[in-house]
Amino acid sequence: MSQTIGNSPPQPAVVALDVGGTFVKWLVADRTGVLRRGTTPTRAADGPERSFGVVLDTVDTALAALPSTHTPVGIGLAVPGTVDERRGVCVYSENLGWRGLPVVERVLRHTGLPVGFGHDVRSAATAEWRLGAGRGIADQVYVSVGTGLAAALLLDGRLVVSGGYAGEIGHGGTLEGEPCTCGGRGCAETVASAAAIARRYTASTGIPVDGARDVLARAREGDAVAHRVWEDAVEVLGSVVADLIRVTGVARIVIGGGLVHAGEALLTPLRDRVRERLTVHPTAHILPAVLGGAAGSWGAALLGWEAADIDLDPILTAYADAVRTRSEPGAAE
C-alpha cells in the first residue's frame, strides 16, 4: 500500500549551538534551512560547570523546538578558546573557564546523537567560505570581533589549525597595558574586542553601557570618551589585520562577530587604517560577513550534518540559496 502524505517519514534535522562568552546562539535546521532559532545567556561568570550546564539545557531546548515533522540526526557545537577537534576536547577557553573539558563525550552521553565539534571562529569561517562573503575564495582570513578577538586562516581551501593555536590574534604581542584574562598585558583583545570597548568606556566614565553598540551611539552623539575608545579599538584592529596580510599575503578579509553589526562605522575606518600600514602588499578587500553574527551557528549546523554522515553537497546548495535570498536588498531579516 502506498504511503500517504500524513504518514510520510520524518525529515532529518540538526541542532546547532554557537557557544559564546555572553550568549549561546542556537538553531534547528533541516536540509533546506533554519526551522527555529534562539539565544540564551551563557552564565560564564557562574563557573565552568554552570556554563556547560547551560549548553546541555540549550540542546534540550532546541530539541524540544523541533517540529513533529522532523527528527534529530546530529548536534553541532562551536566553542571559543583552544579547541582540539580531533579529541573532542576544549583545551582551554578563558571566556568560559573551561579546561580540558571533554565536550563531545559529555554531549553524546546526554543526547545519544552524533556530535560535530569545532572552534567557533573556524566554524564561522567555514560557513562564510561555503555560503557567504568568502564563497569560492581559496585564500582568506575571517576575523571575529565579539566578546573576544580571534581569526581563522584559510589557505588553498584548507583551514590552518596548528593544534588549535592558529588565529589566536587577540592575545600576546605586548608587554604592558591592561591585564588580560590570558595572563598577558595590553593584548589586542583588551582594546579591540566588543567587550573591551564597553568595559573601557565604563572604566573611564563610571557609566554602565549596553555593549559596544551603546558606546558607538554615544560617540556619534559627540561623547569624547566614547569617540576615543572606539578609535582606539579600530586602530588596534587595523594593526592586527595589517599584520595578518603582511604574513600571509591574503587579501580577502571577512569581518564577523557581533561588532560587524556596526557596519561602515567600523569597516570604513578599518579599511583606512589597514591601507595606511601596507606598502608592497596586496590591496586588502575587507568585507562584512554575509551571515553576520549568525555565521558560527551556520558553521555549527554544517558540523552537525557532517557528524550525521549525511551528504553535504545538496545541503550547501540549499543553504547558499537561502543565504543569498536573505542578503538581497529588501529581503526580510
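The values are calculated or read from the model by the stated rules, or taken from the named source; none is laboratory data. Note that the coordinates shown come from a computational prediction; the quantities given were computed from them, not determined experimentally. Please note: Cβ atoms are built from the backbone with ideal geometry, for glycine as well, and neighbour counts cover all protein chains shown. The accessibility values were calculated without ligands, DNA or RNA, using every heavy atom of the protein model including side chains. Shrake-Rupley method; radii C 1.70, N 1.55, O 1.52, S 1.80 Å.
With respect to the conditions (1) part of a loop (DSSP other than H, G, I, E, B); (2) closer than 29 Å to E105 by Cα, A151 falls short on a single one, namely (1).
Scanning segment 123-160 for residues that are aromatic (F, W, Y) and either more than 20 Å from F23 (Cβ to Cβ) or more than 15 Å from the chain's Cα centre (by Cα) (or both) yields one hit, W129.
Consider D311 carefully, then state whether it is without any contact (Cβ under 8 Å) to a residue 12 or more places away in the chain and at negative phi. Answer is yes for this residue. Residues in segment 96-115 that are in contact (Cβ under 8 Å) with a residue 40 or more places away in the chain, open to solvent by 40 Å² or more (accessible area, probe 1.4 Å) and in a strand (DSSP E or B): R99 only. Among residues of segment 144-166 that are on the phi > 0 side of the Ramachandran plot, those with a Cβ under 8 angstrom from a residue that is surrounded by 14 or more Cβ atoms within 10 Å (Cβ to Cβ), sequence gap 6+ or separate chain, pair up as D156/D139; G163/D84; G164/T82; G164/V83; G164/D84; G164/E85; G164/V91; G164/H119. Comparison of I197, I253, I169 shows that the only residue that is part of a loop (DSSP other than H, G, I, E, B), within 29 Å of W298 (Cβ to Cβ) and in contact with a helix residue (DSSP H, G or I) (Cβ under 7 Å, 6 or more places away or on another chain) is I169.
When L175 is tested against the conditions (1) farther than 24 Å from V254 by Cα; (2) part of a strand (DSSP E or B), the lone failure is (2). The residue that is nearest to the chain's Cα centre (by Cα), counting only those in segment 33-50 that are in contact (Cβ under 8 Å) with a residue 40 or more places away in the chain and closer than 21 Å to L113 by Cβ, is R37.
Yes or no: segment 207-214 includes at least one residue that is farther than 19 Å from H261 by Cβ, open to solvent by 40 Å² or more (accessible area, probe 1.4 Å) and at pLDDT 95 or above. Yes, segment 207-214 contains at least one residue that is farther than 19 Å from H261 by Cβ, open to solvent by 40 Å² or more (accessible area, probe 1.4 Å) and at pLDDT 95 or above. Take C187 and decide whether it is surrounded by fewer than 24 Cβ atoms within 10 Å (Cβ to Cβ) and touching a His at 6+ places or on another chain (Cβ under 6 Å). For C187, the condition - surrounded by fewer than 24 Cβ atoms within 10 Å (Cβ to Cβ) and touching a His at 6+ places or on another chain (Cβ under 6 Å) - is not met. The set of residues from segment 116-148 being part of a loop (DSSP other than H, G, I, E, B) and either surrounded by fewer than 18 Cβ atoms within 10 Å (Cβ to Cβ) or aliphatic (A, V, I, L, M) (or both) comprises A133, R135, G136, I137, A138, D139.
Looking across segment 48-80, the residues that are open to solvent by 20 Å² or more (accessible area, probe 1.4 Å) and closer than 25 Å to L149 by Cβ come down to P48, R50. I'd like to know if segment 102-112 contains one or more residues that are at negative phi, under 16 Å from the mean Cα position of the chain (by Cα) and not charged (D, E, K, R). Looking through segment 102-112, none of the residues is at negative phi, under 16 Å from the mean Cα position of the chain (by Cα) and not charged (D, E, K, R).
Of the residues in segment 199-206, none is crowded, with 17+ Cβ neighbours inside 10 Å, touching an Asp or Glu at 6+ places or on another chain (Cβ under 8 Å) and under 30 Å from I75 (Cβ atoms). Taking the criterion of being buried (at least 16 other Cβ atoms within 10 Å of the Cβ) and of a type in the set (V, I, T), the residues of segment 16-38 that qualify are V19, T22, V24, V28, V34.
Of L266, L270, L303, all but one fail to be modelled with pLDDT of 95 or more, among the aliphatic types (A, V, I, L, M), open to solvent by less than 50 Å² (accessible area, probe 1.4 Å) and over 22 Å from D18 (Cβ atoms); the exception is L270.
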